[in-house]
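Participant: One structure coming up, written as structure tokens, with questions to follow.
Computed from the coordinates by the stated procedures, all read-outs in this text should not be read as laboratory data. What you see is a predicted model; the values in this text were computed from it and never measured. Cβ placement follows ideal geometry from the backbone for every residue including glycine, while neighbour counts extend to all protein chains displayed.
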Amino acid sequence: MMRKLKLLILLVTLLSSAAHSAPKEIDWNDLIPWTAVFSPGEVKFNKSLEDKEVKIPGYVLPLDLIGRDITTFLLVPYIGACIHVPAPAPNQIVYVEAEVPWQGLAWWEPVYVTGKIKIENQNFEDLAVVGYEISASDIEYYRGATGTHGFFDW
């Protein structure tokens, strides 16, 4: 009986720690499923990331602003993406909805976005086609090896 109780406690502990684990830190290459077959012009999405808690760095392209508060934005892999033509591929752009508006003034600075990611194809006419969406639970400035945020720390 005691052995079963210890096993049950261990199982509950393992399950609860897995449920509260840190988000998976990913980069832009993780959004592309690498396969042996490459078809030029075909855009593929990494289905293994669907509904996972992730943390990804990138740059903010604001969509909805209220004063200094940014509520929705596109997260892109490099400065100026989507402003210049052509826009990155849909699997290289993430639409972000902030759970709490983010007060970001320095849009050219890299940020980390943490939240649940989904494959969600959206067309923002005259801007870009977006393939991923994150409901952001946290947005923070990216801190490089020097401890400061900035393009050259990337």
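Participant: Students often check this: by mean Cβ neighbours within 10 Å, which of 39-51, 109-121 ranks highest, and how do the rest follow?
Facilitator: Descending mean neighbour count gives 109-121, 39-51.
Participant: In whole Hz and in residue order, list the ³J(HN,Hα) couplings for region 50-61 that follow from phi through the Karplus curve 6.51 cos²θ - 1.76 cosθ + 1.60, θ = phi - 60°; x for Gly and Pro.
Facilitator: 3, 6, 9, 7, 10, 10, 9, x, x, 10, 8, 10
Participant: What net charge do the residues around E133 carry, taking every other residue with its C-beta under 15 Å from that of E133, with Lys and Arg at +1 and Asp and Glu at -1?
Facilitator: It works out to a net charge of -3.
Participant: Multiply the residue gap between E50 and R143 by 0.36 nm, knock off their C-alpha separation, and tell me the result in nm, one decimal place.
Facilitator: 30.8 nm
Participant: Suppose R0 equals 30 Å. What FRET efficiency, 1/(1 + (r/R0)^6) with r the Cβ-Cβ distance, do T35 and L65 give to the nearest 0.05?
Facilitator: Efficiency computed from Cβ-Cβ geometry: 0.20.
Participant: A further question follows. Would you grab the residues whose amide H sits under 5 Å from the one on D138? Only those 5+ places off in sequence or on another chain, please, with H modelled 1.01 Å from N.
Facilitator: Amide H neighbours of D138, under 5 Å, 5+ apart: T114.
Participant: Between E120 and residues 5 or more places away or on another chain, which pairs have amide H atoms under 5 Å apart, with H built 1.01 Å from N, and which residues are they?
Facilitator: Y132, E133
Participant: I would also like to ask the following. Determine the sum of side-chain charges near T71: Lys and Arg each +1, Asp and Glu each -1, restricted to other residues whose C-beta is under 9 angstrom from that of T71. Walk me through the intermediate numbers first.
Facilitator: Working: positive: none; negative: D64, D69, E97.
Net of charged neighbours comes to -3.
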